[in-house]
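Report on the following structure.
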Amino acid sequence: MMIDKYPDLFWGTVMSMYLGNVMLLVLNLPLIGIWVQVLKVPIRSFSPLFCSSVSLGFSLNYSSVEVALMIGFGVFGYLARKLQYEMAPLILAWSWGR
């Protein structure tokens, strides 16, 4: 129905997706070497950098509740991994009960 009513909007959206994919291809092909080097960084070195950047991103909203929720879910995920809980059934059970 959207194609019939708003063909300009539909084809503009499709064209923007094609254009975005071409731009990603142009940007990422020369950077493959850098991405490979990032993959070689040990996880113990990368985790604190990742966690601090995510915390900074959440704190930009000036909401301590968001940061506390992020830390709480992080601790929950860490404990669930340590206690060898399977994540997929847990997520499915949570979404099924909603």
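Values computed for the structure shown
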| quantity | calculated |
| --- | --- |
| Answer residue from the range 70-98, given it is farther than 28 Å from V38 by Cα and among the aromatic types (F, W, Y) and is nearest to the chain's Cα centre (by Cα) among those | W94 |
| Flag for Y18 being in a loop (DSSP other than H, G, I, E, B), hydroxyl-bearing (S, T, Y) and either open to solvent by 60 Å² or more (accessible area, probe 1.4 Å) or at pLDDT 85 or above (or both) | no |
| The range 31-55: number of residues that are surrounded by 10 or more Cβ atoms within 10 Å (Cβ to Cβ) and not in a helix (DSSP H, G or I) | 2 |
| Contacts under 7 angstrom Cβ, first residue in the range 23-36 being without any contact (Cβ under 8 Å) to a residue 24 or more places away in the chain, partner in a helix (DSSP H, G or I), 6 or more apart | none |
| Boolean, M2 is in contact with a Phe, Trp or Tyr (Cβ under 7 Å, 6 or more places away or on another chain) and either open to solvent by less than 100 Å² (accessible area, probe 1.4 Å) or in contact (Cβ under 8 Å) with a residue 60 or more places away in the chain (or both) | yes |
| Hey, L90 in a helix (DSSP H, G or I), of a type in the set (A, V, I, L, M) and open to solvent by 90 Å² or more (accessible area, probe 1.4 Å) or not | no |
| Filter result (modelled with pLDDT of 85 or more and among the small types (G, A, S)) within the range 29-57 | G33 |
| Test: residue in the range 56-69 that is part of a loop (DSSP other than H, G, I, E, B), surrounded by fewer than 10 Cβ atoms within 10 Å (Cβ to Cβ) and within 20 Å of the chain's Cα centre (by Cα) | yes |
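The values are calculated or read from the model by the stated rules, or taken from the named source; none is laboratory data. Since the model is a prediction, treat every value here as computed from it, not as a measurement. Neighbour counts are summed over all protein chains in view; Cβ atoms, including those assigned to glycine, are modelled from backbone coordinates with ideal geometry. For accessibility, only protein heavy atoms count, side chains too; no ligands or nucleic acids. Shrake-Rupley method; radii C 1.70, N 1.55, O 1.52, S 1.80 Å.
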